[in-house]
Amino acid sequence: MALLQISEPGQSPDPHQRRVVVGIDLGTTHSLVAAVRHGVAECLPDAAGRVMLPSAVRYLAPSSSGSGRQVGDAALANQLQDPANTVVSVKRLMGRVRHEVAHVDSLPYTVLDRPGMATIATAAGEKTPVEVSAEILATLRQRAEDTFDDDLFGAVITVPAYFDDAQRQATKDAAQMAGIHVMRLINEPTAAAIAYGLDNQSAGTFAVFDLGGGTFDISILRLTEGVFEVVATGGDSALGGDDYDRALLDAMLQRAGKGNWVAHASAVERATLQRLARRIKEALSDAPNDDLSVSETVTADGATFSVSATRRELAEATAHLTARTLGAVRKAMHDAQLDRADIDGVVMVGGSTRMPAVREAVADFFGQPLLTNLNPDEVVALGAALQANQLAGNNPDGELLLLDVIPLSLGIETMGGLVERIVPRNTTIPAALAQDFTTYQDGQTALALHVVQGERDLVADCRSLARFELRGIPPMAAGAARIRVTFTIDADGLLSVSAKEQGTGVEASIEVKPSYGLSDEEIAHMLQDSFTTAQADMQARAVVEARVDADRMLLATRSALKADSDLLTTDERTAIDHLMAQLEQVLETATQAADIEASTKALAQGTEAFAAQRMNRGIGRALAGRRIDTM
């Protein structure tokens with residue numbers, strides 16, 4: 001007789017079969033894949049024993065055997081010989097158009113301006129950042145499957161906390177292209193906190209300082225009995241180790257009397273210099289004291305010269321970049337409404353946090369020692385692996401819950417070009433929030449919905465995400481329809497919007513597939529604008545709302561006159577026409593909400609008697625021919 005197998009909630013249906021799941025850190029400079037084996041999270045090495053895969057792809061010209069490509073170390077080994085076809089730091093291009101990419105002209109390959117997302121010119125044709133990232137992810141997937149000699153069930157992939165909807169969607173698209181089932185996208189700082197075992201703390205508030213090769217994130221996490229709540233996030237997607245390399249290189253060339261030389265260097269020479277600067281930076285980070293000098297000889301354009309730097313000079317050359325990271329930290333602390341004394345610990349993530357100047361600056365800012373006992377390059381992948389193991393049901397005893405937040409508010413456009421926010425920024429996700437709206441005109445049978453993102457009060461100052469229409473609304477008087485608009489944000493931070501007329505049930509919805517391109521500089525700029533222009537926005541919104549109310553009053557009055565003007569005497573009609581003309585004139589010239597509101601109020605008061613007469617007529621018509629005892 002067959003036995004019915006019963007599994008506990010969250011546990012794999014077959015307790016004897018563990019699903020093969022991994023955590024992937026898709027980094028700007030390096031990428032890693034990790035998994036839980038024998039109860040411990042560890043990064044998976046390749047056949048040569050290397051755990052870090054350089055985030056580099058080299059495309060070869062088509063041949064009789066087809067188009068070839070090299071990924072990782074093989075690509076990096078040939079970068080100096082073929083920089084134009086070796087794509088590095090592609091994470092900075094994810095979900096961006098060309099003009100949004102910082103230092104795009106200094107890249108050794110050619111970035112083309114294309115609608116939706118920038119592409120890269122290679123010997124194998126144009127490649128999108130999604131395609132390049134898919135090559136890296138596919139290599140990591142193969143590494144995992146070779147390690148376990150089994151198919152991969154799924155992966156948790158990490159993204160910068162400040163990645164917007166477009167960048168997250170681009171990451172999911174790349175994973176799908178690589179044949180990977182994405183179980184969850186989680187923020188890199190959250191993954192680092194998991195790796196440090198902070199989920200075992202009964203309570204506490206932690207800051208995660210994540211300075212990688214190409215992006216910087218700061219997240220404030222509140223932990224309560226295994227629940228991770230991201231209180232606030234901040235960062236800069238155009239700030240990372242690459243920028244420190246560039247700043248150090250500029251300083252060294254300036255001291256060597258070659259300040260303008262890099263602008264005229266070839267692609268091969270620029271790639272050589274970038275690698276040299278990184279090598280010096282890493283050597284200085286490991287140097288025992290500030291005065292030890294590291295030097296390299298450069299041969300280019302027929303000339304040979306030497307560049308050198310000390311650890312103190314590295315700190316001075318990059319001090320403005322470190323200051324930028326602390327500026328983002330202050331902003332995140334302000335958003336979280338916390339003081340430095342409220343922080344129980346600071347987690348350092350990313351290879352660039354090995355620089356002593358960065359560690360000293362962060363330690364001084366928070367006034368406490370830093371958590372640095374885990375490898376900063378591996379900590380994100382390890383945390384993602386622990387989360388993947390939990391989601392797969394391989395760890396039935398785990399009680400880990402992640403609560404991330406959205407970086408910018410979401411809403412829809414209302415009459416007059418105003419933004420009605422439905423989901424405020426820093427709202428915990430997953431989330432579903434709804435708000436009721438109505439029609440503006442009599443007999444309106446459709447409603448156009450415009451989904452926007454941002455902190456300003458006017459649509460023109462926010463980012464447009466999507467548009468769709470709700471059709472089939474029964475013709476009713478203005479304001480009679482009840483349309484519920486619902487914003488649903490899933491655990492990956494991806495958005496869908498639906499609209500439903502409550503009376504009839506007609507419904508329309510859209511999954512917001514963004515036109516890739518909102519940069520973190522734009523996000524920061526939007527937030528800054530919302531603070532510095534708050535008073536002006538309030539005044540502008542008040543004017544627009546006053547105009548909308550005035551237009552609605554004029555529309556209603558004209559409709560009433562058309563239907564029941566016979567109730568008025570000539571003098572009464574003349575008085576109402578005069579008040580309407582006054583309001584129309586004010587709408588043409590007024591710049592203050594109070595002027596418009598005063599004229600609108602005058603028209604409302606001037607039509608009160610007319611409205612009462614219309615109501616009496618309506619009641620009389622409704623009662624005509626009916627007996628009191630039947631009512």
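The values are calculated or read from the model by the stated rules, or taken from the named source; none is laboratory data. This structure is a prediction, so every number in the text was calculated from the model and none was measured. Heads up, the Cβs are rebuilt from the backbone with ideal geometry, glycines too, and the neighbour counts pull from every protein chain shown. Ligands, DNA and RNA are excluded from the accessible area calculation, which covers all protein heavy atoms including side chains. Shrake-Rupley method; radii C 1.70, N 1.55, O 1.52, S 1.80 Å.
Taking the criterion of being more than 15 Å from Leu408 (Cβ to Cβ), open to solvent by 10 Å² or more (accessible area, probe 1.4 Å) and either out of contact with any Lys or Arg (no Cβ under 7 Å at 6 or more places or on another chain) or of a type in the set (Asp, Glu) (or both), the residues of the stretch 148-174 that qualify are Phe148, Asp149, Asp150, Asp151, Lys172, Asp173. Output yes when any residue across the stretch 510-517 is among the aromatic types (Phe, Trp, Tyr) and modelled with pLDDT under 75, and no when none is. Yes: the stretch 510-517 contains one or more residues that are among the aromatic types (Phe, Trp, Tyr) and modelled with pLDDT under 75. Whenever a residue of the stretch 547-574 is farther than 18 Å from Ala480 by Cβ and of a type in the set (Lys, Arg), it has no partner that is open to solvent by 50 Å² or more (accessible area, probe 1.4 Å) and at pLDDT 85 or above lying with C-beta atoms less than 7 angstrom away and at least six residues away or across chains. Please go through the stretch 352-378 and give me each residue that is open to solvent by less than 30 Å² (accessible area, probe 1.4 Å), under 25 Å from Ile280 (Cβ atoms), in contact (Cβ under 8 Å) with a residue 60 or more places away in the chain and not in a loop (DSSP other than H, G, I, E, B), ordered by number. Of everything in the stretch 352-378, those that are open to solvent by less than 30 Å² (accessible area, probe 1.4 Å), under 25 Å from Ile280 (Cβ atoms), in contact (Cβ under 8 Å) with a residue 60 or more places away in the chain and not in a loop (DSSP other than H, G, I, E, B) turn out to be Ser352, Thr353, Pro356, Val358, Val362. Within the stretch 171-184, being at pLDDT 90 or above, of a type in the set (A, V, I, L, M, F, W, C) and within 19 Å of Arg96 (Cα to Cα) holds for Ala174, Ala175.
Residue under question is Ala384, and the condition is that it be at pLDDT 90 or above, hydrophobic (A, V, I, L, M, F, W, C) and either in a loop (DSSP other than H, G, I, E, B) or surrounded by fewer than 18 Cβ atoms within 10 Å (Cβ to Cβ) (or both); does it hold? Here the answer is no, as Ala384 does not meet what is asked.
Select from the stretch 433-448 the residues that are open to solvent by 50 Å² or more (accessible area, probe 1.4 Å) and in a strand (DSSP E or B) and write down the one among them that is farthest from Ile406 (Cα to Cα).
Let us first name the residues in the stretch 433-448 that are open to solvent by 50 Å² or more (accessible area, probe 1.4 Å), namely 433-436, 438, 441-442, 445, 448.
Restricting the remaining residues to those that are in a strand (DSSP E or B) gives 433-436, 448.
Numbers: Leu433: 13, Ala434: 16, Gln435: 18, Asp436: 22, Ala448: 25 Å.
For the stretch 433-448, the residue satisfying everything is Ala448.
Does Thr128 satisfy the criteria of being without any contact (Cβ under 8 Å) to a residue 40 or more places away in the chain, among the polar types (S, T, N, Q) and touching a strand residue (DSSP E or B) at 6+ places or on another chain (Cβ under 9 Å)?
Details: without any contact (Cβ under 8 Å) to a residue 40 or more places away in the chain: yes; among the polar types (S, T, N, Q): yes; touching a strand residue (DSSP E or B) at 6+ places or on another chain (Cβ under 9 Å): yes.
Against the criterion (without any contact (Cβ under 8 Å) to a residue 40 or more places away in the chain, among the polar types (S, T, N, Q) and touching a strand residue (DSSP E or B) at 6+ places or on another chain (Cβ under 9 Å)), Thr128 qualifies.
For first residues located in the stretch 91-111 and under 20 Å from Ala123 (Cα atoms) and among the hydroxyl-bearing types (Ser, Thr, Tyr), partners that are open to solvent by less than 20 Å² (accessible area, probe 1.4 Å) and in a helix (DSSP H, G or I) and lie 6+ apart or on another chain with Cβ distances below 8 Å form the pairs Tyr109/Pro83.
Give Gly235, Gly212, Gly240 a once-over and let me know the one that is modelled with pLDDT of 85 or more, of a type in the set (Gly, Ala, Ser) and closer than 25 Å to Arg96 by Cβ.
Working: Gly235 fails: modelled with pLDDT of 85 or more; Gly212 fails: modelled with pLDDT of 85 or more.
Selected residue: Gly240, the only one of Gly235, Gly212, Gly240 that is modelled with pLDDT of 85 or more, of a type in the set (Gly, Ala, Ser) and closer than 25 Å to Arg96 by Cβ.
For the stretch 103-119, filtering for residues that are under 17 Å from Gln167 (Cβ atoms), in contact with a Lys or Arg (Cβ under 7 Å, 6 or more places away or on another chain) and not polar (S, T, N, Q) leaves 4. With a requirement of 3 or more residues that are farther than 21 Å from Ala41 by Cβ, the strands (runs of 3 or more DSSP E) lying completely within the stretch 113-232 that satisfy it span 119-122, 125-127, 203-211, 216-224.
Residues in the stretch 238-246: is at least one charged (D, E, K, R), open to solvent by less than 10 Å² (accessible area, probe 1.4 Å) and outside any helix (DSSP H, G or I)? Within the stretch 238-246 (the criterion being charged (D, E, K, R), open to solvent by less than 10 Å² (accessible area, probe 1.4 Å) and outside any helix (DSSP H, G or I)), the answer is no, since none of the residues qualifies.
When the stretch 87-112 is filtered for residues that are in a strand (DSSP E or B) and either open to solvent by less than 20 Å² (accessible area, probe 1.4 Å) or touching a helix residue (DSSP H, G or I) at 6+ places or on another chain (Cβ under 6 Å) (or both), the ones remaining, listed by number, are Val87, Val111.
Among residues of the stretch 9-34 being outside any strand (DSSP E or B) and at pLDDT 85 or above, the one that is nearest to Asn389 (Cα to Cα) is Val20. I'm trying to understand the selection: among the residues of the stretch 35-86, which are in contact (Cβ under 8 Å) with a residue 24 or more places away in the chain, open to solvent by 50 Å² or more (accessible area, probe 1.4 Å), in a strand (DSSP E or B) and more than 17 Å from Ala381 (Cβ to Cβ)? Answer for the stretch 35-86, where residues must be in contact (Cβ under 8 Å) with a residue 24 or more places away in the chain, open to solvent by 50 Å² or more (accessible area, probe 1.4 Å), in a strand (DSSP E or B) and more than 17 Å from Ala381 (Cβ to Cβ): just Arg69.
If a residue must be more than 27 Å from Glu282 (Cα to Cα), more than 29 Å from the chain's Cα centre (by Cα) and of a type in the set (Lys, Arg), how many such residues does the stretch 292-343 contain?
Filtering the stretch 292-343 for residues more than 27 Å from Glu282 (Cα to Cα) gives 302, 330-343.
If we keep only those that are more than 29 Å from the chain's Cα centre (by Cα) too, we end up with 302.
Those still in the list that are of a type in the set (Lys, Arg) too: none.
Total meeting the criteria: 0.
Does the stretch 583-611 hold any residues that are open to solvent by 80 Å² or more (accessible area, probe 1.4 Å) and polar (S, T, N, Q), and which are they? Don't jump to the end; show me each part of the working.
Kept after step one, since they are open to solvent by 80 Å² or more (accessible area, probe 1.4 Å), are these residues of the stretch 583-611: 585, 588-589, 591-592, 595, 597, 601, 605, 608.
Matches in the stretch 583-611: Gln585, Thr589, Thr591, Gln592, Gln605.
Could you say whether any residue in the stretch 307-326 is among the basic types (Lys, Arg), at pLDDT below 90 and open to solvent by 60 Å² or more (accessible area, probe 1.4 Å)?
So in the stretch 307-326, the residues among the basic types (Lys, Arg) come out as 311-312, 324.
Right, trim to at pLDDT below 90 and you get 311-312.
Among the residues that remain, those that are also open to solvent by 60 Å² or more (accessible area, probe 1.4 Å) are: 312.
Yes, the stretch 307-326 has at least one match.
Out of all the residues in the stretch 449-485, which are in a loop (DSSP other than H, G, I, E, B), of a type in the set (Gly, Ala, Ser) and open to solvent by 20 Å² or more (accessible area, probe 1.4 Å)?
In the first step, residues of the stretch 449-485 are kept if they are in a loop (DSSP other than H, G, I, E, B); the result is 454-457, 462, 472-482.
When the remaining residues are screened for being of a type in the set (Gly, Ala, Ser), the result is 454, 472, 477-481.
Hits for the stretch 449-485 are Gly472, Ala477, Ala478, Gly479, Ala480.
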